[in-house]
Amino acid sequence: MLKKSKNYSEDTIAAIATPQGTGSVSIIRISGINALGIGERITGKKLKPRFAHNCDFKTAEGNALDNGLAIFFPNPKSFTGEDVVELQCHGGIIVSEALLQTSYAYGARPADPGEFSLRAFLNDKLDLSQAEAIADLINSSSIDAARSAFRSLEGIFSQKINRLQDKLTNLRVLIEAFLDFPEDEIDIEEKERISLSEKFYSIVSDIDYLLEESKQGVILNIGLDIVIAGPPNAGKSSLMNRLAGYDTAIVTETPGTTRDILKEKIIIDGLPINIVDTAGIRTTEDPIEKEGIIRASKAISRADLLVWVCDIRSSLDENINEANRLARDKNFLVIRNKLDLANESTKDLSSRDKAVICLSVHTGEGIDLFLNELKTVSGYAPNLGGTFSARSRHLDSLSKSRKYLNQASESFIKNNAFELAAEDLRMVQKSLSEITGELTSDDLLGEIFSSFCIGK
Ligand SMILES: Nc1nc2c(ncn2[C@@H]2O[C@H](COP(=O)(O)OP(=O)(O)O)[C@@H](O)[C@H]2O)c(=O)[nH]1
Ligand SMILES: [Mg+2]
């Protein structure tokens, strides 16, 4: 387990915090014990705390290379909790890279991905779920996802966990008070038993609610991955184009037009959906088309949902069988396209099954039904939650804590086993603390922060 320490590091790190490329401004961020010294050598100025100094930036050879702003944030009131200097120079790769190299020449070392956020976490400026929310905010793909990541960053999720921890501590104190007595001598009054049971139930319902809210946070964060597949000429690429809102895929009357896979991202009511359009699946001797079909199968295995598009005039049962075969253990949805060309008896066939939707990409009829089905499949319920962003690892920890809580209430309510109940309550708290990061292994921290970008 990693022990948090105030002096996590004696060394000073530097990185370009803005994207690589041309732009009007680039920011070089320096953090650590020598940040001020390095900043003052580059600017040749005494840097006052939290003041934007207009100054020339000089390289290690003493040549002025640019003019910009330097700001010094003394510890502990900085993003990382350490001394931080930010140099805002003109955008572009050459100037920012030369200033970064100068900071190295004066003793800084290149920051690892996410190392500024890691230091902020280790110096108690943020907890782990807040640090993860920064990455989620940066990578958010819809405005709703960004809003919920920001709420997590502000600490909404952490506060909910901390409130639960307080309730659990309170319950543990009451349960552990009984541990001083041998179990067969415990004489607990009915009133007291009811009060303790109510406390258990209240925590159970809090965790259940938090789990539901967190599921929404995860859905918003990662979105839904769907793959459009089916026989050639069914209208797969037409559907992709309709959803994307522009002609991304080539549509022709010739079967076998789409060879490679095409990807698009759309947002439905705030839900990010990643769509992959694939080559039509059929037996073929064309090596390029064959490769396209192999890629289609791989894409299906990675997706959350297979959307099997077929012509409404073809056999429904055959299509369901084929979709079922390719989906394996995945969810699938059969879209019977070209409704505009269907006669009444063909339409009736599909209303019998929820996993079958009739639509016409050309007229737009039935598209809403399809989009609603996508929301249902993903479990997205915008009115229920979406109040904060969350990750699958948070769901795992919440589910684990729910399991221990069940065991604890069973031990207490059914078996009068106070010692077991107390131990399980301790495990509930431990699982919850994994979310905020009080007890987190070095490996997990490494995994989380290394997925961040450099300079964050
Ligand atoms: N009548 C009708 N034709 C459609 C519809 N959707 C697609 N098509 C036509 O079907 C043909 C094949 O479409 P395409 O999207 O390339 O099919 P893919 O091979 O499955 O990608 C094209 O001529 C489309 O214009 C529809 O809803 N109604
Ligand atoms: Mg196509």
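Quarter the surface of the alpha carbon convex hull of region 223-378 and you get the mean projected area, 8.4 square nanometres.
Beyond 18 Å between alpha-carbons counts as too far, so tell me which of K77/K125; K298/K330; K167/K414; K263/K338; K167/K430 fall in that bin. With Cα atoms farther than 18 Å apart: K167/K414; K263/K338. Contact order normalised by length for region 223-378, with contacts defined as Cα pairs under 8 Å and 6 or more residues apart; what percent is it? Across region 223-378, relative contact order equals 23 percent. Using C-alpha pairs below 8 Å separated by at least 6 residues, the relative contact order for the chain is 18 percent. If we count every other residue with Cβ under 11 angstrom of A135's Cβ, Lys/Arg +1 and Asp/Glu -1, where does the sum land? Every neighbour counted, the sum reads 0. Couplings 3J(HN,Hα) for region 331-336, derived from phi with the Karplus relation 6.51 cos²θ - 1.76 cosθ + 1.60 (θ = phi - 60°), are 5, 9, 9, 9, 9, 9 Hz, where x marks Gly and Pro. With the simple spin-label model, which puts each label point 7 Å out from Cα in the Cβ direction, the R282 to E10 separation comes to 7.1 nm.
Quick one: dipole size for region 13-125, taken about the Cα centre, charges +1 on Lys/Arg Cβ and -1 on Asp/Glu Cβ, in debye to the nearest 20. Walk me through the numbers before you get to the answer.
Values: 11 positive and 11 negative charges, 70 e Å.
Result for region 13-125 is approximately 340 debye, rounded to the nearest 20.
Legend: P(r) of the chain from all alpha carbon pair distances, 20 Å bins from 0, whole percents, reading 20, 36, 33, 10, 0.
Applying 1/(1 + (r/R0)^6) with r as the Cβ-Cβ distance of Q165 and I143 and R0 = 51 angstrom yields a FRET efficiency of 0.95.
Dimensions of region 13-125 from C-alpha coordinates, computed as largest minus smallest value along each principal axis and given longest first, are 38, 29, 24 Å.
In region 350-456, Cα pairs under 8 Å separated by at least six residues give a relative contact order of 16 percent. With all projection directions averaged, the alpha carbon convex hull of region 99-163 covers 5.7 nm².
Length gained on full extension, E198 to N331: 43.9 nm, using 0.36 nm per residue less the C-alpha separation.
Give the distance, in whole Å, between the Cα centre of region 269-286 and the Cα centre of region 3-81. Here the two parts' Cα centres lie 47 Å apart.
Each reported figure results from applying straightforward, stated rules to the coordinates on display, with no laboratory input. Computed from a predicted structure; not experimentally measured. Using ideal geometry, Cβ is built from the backbone for each residue, glycine included, and neighbour counts are taken over all protein chains shown.
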